[in-house]
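Take a look at the structure set out below.
The values are calculated or read from the model by the stated rules, or taken from the named source; none is laboratory data. What you see is a predicted model; the values in this text were computed from it and never measured. Cβ placement follows ideal geometry from the backbone for every residue including glycine, while neighbour counts extend to all protein chains displayed.
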Amino acid sequence: MPLKQKSVSVANNNFRGMKKRSIYGTIIELKKAHPEVKLIAMSGGGWYGTDIDFDMAKKLGARTLDKPFALQELLDVVGELLD
């Protein structure tokens with residue numbers, strides 16, 4: 001279903017296994033369809049770490065979480081974004 005047809009408050013995007021172009025494209029597409037959406041990008045980083053991916057995700061308006069993280073950490077971020 002196209003993103004325009006859904007109501008979205010918070011979206012969670014996992015970087016692992018996605019190509020950079022599709023990661024950033026997903027963030028951009030969500031922001032275009034729902035400018036008010038709050039985004040959480042998460043990654044374990046792999047061999048290159050998360051710095052580059054997370055810097056770009058932050059520039060595109062996403063909050064970031066390094067894996068592994070505790071469930072409470074995710075809940076805290078979601079709570080902050082929805083306030």
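Restricting attention to the range 32-53, and to residues there that are over 18 Å from S9 (Cα atoms) and out of contact with any Asp or Glu (no Cβ under 8 Å at 6 or more places or on another chain), which single residue is modelled with the lowest pLDDT?
W47
Can you run down the residue pairs with Cβ atoms below 8 Å, 6 or more apart or on separate chains, where the first is in the range 24-35 and among the aromatic types (F, W, Y) and the partner is surrounded by 17 or more Cβ atoms within 10 Å (Cβ to Cβ) and in a helix (DSSP H, G or I)?
Y24/A57
With the condition kept exactly as written, say whether any residue in the range 17-31 is at pLDDT below 80, part of a helix (DSSP H, G or I) and under 18 Å from P68 (Cα atoms).
Within the range 17-31, none of the residues are at pLDDT below 80, part of a helix (DSSP H, G or I) and under 18 Å from P68 (Cα atoms).
Just need a number here: residues in the range 59-75 that are surrounded by fewer than 13 Cβ atoms within 10 Å (Cβ to Cβ) and in a helix (DSSP H, G or I).
Total meeting the criteria: 5.
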